[in-house]
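**Student:** Please see the structure below; I have some questions.
The values are calculated or read from the model by the stated rules, or taken from the named source; none is laboratory data. This is a predicted model, so every value here is computed, not measured. Cβ coordinates were reconstructed from backbone atoms using ideal geometry, including for glycine residues, and neighbour counts include every protein chain displayed. Side chains included, ligands, DNA and RNA excluded: accessible areas come from the protein's heavy atoms. Shrake-Rupley method; radii C 1.70, N 1.55, O 1.52, S 1.80 Å.
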Amino acid sequence: MLEIQSPAPDFALQDGSGREVRLSDYRGKKVVLYFYPKDNTAGCSRQASEFQALSGELKALGAEVVGVSRDSVASHVRFAEKYGLTFELLSDPELKVIQEYGVWQEKKLYGKTSMGVVRTTYLIDEQGNIEKIWPKAKSATNPAEVLEYLKGAEQ
């Protein structure tokens, strides 16, 4: 896993329109970069909906939300339409960024071990450095935790 105060690895991934988006495109703004396992699953849908509900407050605090999963661009488009998501969802089917950020890990579910994306959120500062990390984030509470952290950082 990456460390706080270290530079966040730049990347280029496709958004829902097929446009290439780079982390460096957001320089000068804070970025809530969250990695999640799969579109249209209960936890991921809840987390995305919560980030959407808080997006106005997050933007007011100077932060942009960007979600990354290994789902296809087409899947992201359907997911965003279904839940009315207005923030970027980026597709990483080759796991390059997911692995670079250290979120492709061994997971255990019902006694079976497999590899998968461990829900993790990074807060990237205006200069492109990692300000805060929420490892093994909970889908229901993570968006509010991010907002509370940003509110505290503004004081």
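**Student:** Just to confirm, what accessible area per residue do you get for the chain at 1.4 Å probe, in whole Å²?
**Tutor:** Each residue of the chain exposes 51 Å² on average to a 1.4 Å probe.
**Student:** For segment 81-155 and segment 20-73, write down the distance between their C-alpha centroids in whole Å.
**Tutor:** Result: 8 Å between the Cα centres.
**Student:** Something else: When the accessible area of the chain is computed with all protein chains present and a 1.4 Å probe, what percentage of it is carbon and sulfur?
**Tutor:** 49
**Student:** Once every DSSP H run of n ≥ 4 in the chain is given -39500 (n - 2.57) and the sum is divided by its residues, what mean residue ellipticity at 222 nm do you get, rounded to the nearest 500 deg cm²/dmol?
**Tutor:** About -9500 deg cm²/dmol.
**Student:** Could you report the accessible area of Arg70 in Å², rounded to 10, computed with a 1.4 Å probe on the protein chains as they sit in the structure?
**Tutor:** Approximately 110 Å² of Arg70 is accessible to the 1.4 Å probe.
**Student:** Where nothing but the Cβ of Lys and Arg (+1) and of Asp and Glu (-1) is charged, how large is the charge dipole of the chain around its Cα centre, in debye to the nearest 20?
**Tutor:** Here the size comes out at about 580 debye.
**Student:** A further question follows. Given Gly111, Ile133, Val97, which one lies farthest toward the positive end of the charge dipole of segment 94-153, if we put +1 on the Cβ of every Lys and Arg and -1 on the Cβ of every Asp and Glu?
**Tutor:** It is Gly111.
**Student:** How fast does segment 87-155 diffuse by Stokes-Einstein, in µm²/s, taking the Kirkwood radius from C-alpha pairs at 10 °C and 1.306 mPa s?
**Tutor:** 114
**Student:** Can you give the relative contact order of segment 1-139 as a percent, counting alpha carbon pairs under 8 Å and 6+ residues apart?
**Tutor:** Once divided by the residue count of segment 1-139, the mean separation gives 33 percent.
**Student:** With every protein chain left in place, what is the accessible area of Tyr149 in Å² (1.4 Å probe, nearest 10)?
**Tutor:** Only protein atoms counted, so the area is about 70 Å².
**Student:** Out of segment 1-89, which GluC sites (Glu not before Pro) are coil in DSSP terms and have no more than 11 other C-beta atoms within 10 Å?
**Tutor:** Glu3
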